[in-house]
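For reference, the structure is listed below as structure tokens.
No lab work stands behind these numbers, since they all come straight from the coordinates. Fair warning: this is a prediction, and the values are worked out from it, not measured in the lab. All Cβ positions, even for glycine, are placed from backbone atoms using ideal geometry, and neighbour counts span all protein chains on display.
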């Protein structure tokens, strides 16, 4: 099934760092919006997982952040921008299994070093920019084309 | 297969009275790393874990899981139960280990032709 998107839809969610009780709320809401639009389930799955991971990263590492989404006839774009510590070595952070999460976060089953790789894996285009001491911005684009291939 | 039948066979203790057990189970997944469960659990799966904090409910809602089984007699935190009631997610307690629980669940689902 292919959704008919006739215009651009935009929205945003504010995420408060450390507020674990609200984890997943933003991504679950975005998932509901996409399903209601009749989006392909596989596309929704990819967007939702990428968004959930981005949401968790803000909660774990940052003071606050914002998730913005844009839905066009061609693609879904999610931008997660946070006011956090920033990432010193992005290449290292992108490696599966590498994490700087504190122990208490790991004990919860987060911080396994799978977040950024999961985001990349589920995106067609993945961009990350970070300034130490200022924050990190992740931009993820999922194309709505028929091919549905996963580029890496 | 109905969750209710599995609860009976495995003697699981439902901890969220308001969350009904009439839902269908499509399979199972075991994991304590939440990112792994998010990436790999399937819709309608029973999730076997030793995690008990409130985020397990978010993951279950997000992945449309049929239930969470907490193993080794680990009681979920109070806010986890509250959230589970709110989101209508069954949490089932067992004194058994993840290995035993998964093994038995696999047998049951395999016998029903749900799991190869």
Helix A:41-61 sits at what angle to the longest principal axis of chain A, using alpha carbons and giving 0 to 90 degrees rounded to 10?
-> 20 degrees
Per 5 angstrom bin, beginning at 0 and ending with the bin that holds the maximum distance, the Cα pairs of the protein assembly as shown fall in percents of 1, 6, 13, 17, 18, 15, 13, 10, 6, 2, 0, 0
What average count of beta carbons from other chains do you get within 10 Å of the Cβ of residues in A:20-33?
-> 4
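What shape does chain B have by the C-alpha gyration tensor, where a ≥ b ≥ c are the square roots of the eigenvalues, rounded means a/c under 1.5, and otherwise prolate means a/b greater than b/c and oblate the rest? Display every interim value, and only then the final one.
Working: a/c = 1.38, a/b = 1.30, b/c = 1.06.
It is rounded, given that a/c, with a ≥ b ≥ c, falls under 1.5.
First measure r as the distance between the Cβ atoms of residue B:8 and residue A:96, then evaluate 1/(1 + (r/R0)^6) with R0 = 45 Å and state the FRET efficiency to the nearest 0.05.
Details: r = 40 Å, r/R0 = 0.89.
The computed FRET efficiency comes out at 0.65.
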Binning every alpha carbon pair distance of the stretch A:9-143 at 10 Å from zero, what are the percents per bin?
-> 13, 47, 32, 7, 0
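Sort B:99, B:62, A:52, A:13 by Cβ crowding within 10 Å, fewest neighbours at the top. Provide the component values of the computation, followed by the final result.
Values: B:99 11, B:62 21, A:52 29, A:13 18.
Exposure proxy ranking, most exposed first: B:99, A:13, B:62, A:52.
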Chain A: relative contact order from alpha carbon pairs under 8 Å, six or more residues apart, as a whole percent, is 25 percent
Taking neighbour counts of Cβ atoms within 10 Å as a proxy for exposure, in what order, fewest first, do A:75, A:53 appear?
-> A:75, A:53
Which value in nm describes the separation of the simple spin-label points at residue B:78 and residue A:25, placed 7 Å from the Cα toward the beta carbon?
-> 2.0 nm
Pick out which of A:18, A:109, A:135 has the largest mean-square fluctuation in a Gaussian network model of chain A, springs linking Cα atoms closer than 10 Å.
-> A:109
For the protein assembly as shown, calculated [θ]222 nm from helices alone, where every DSSP H run of n ≥ 4 adds -39500 (n - 2.57) = -10000 deg cm²/dmol
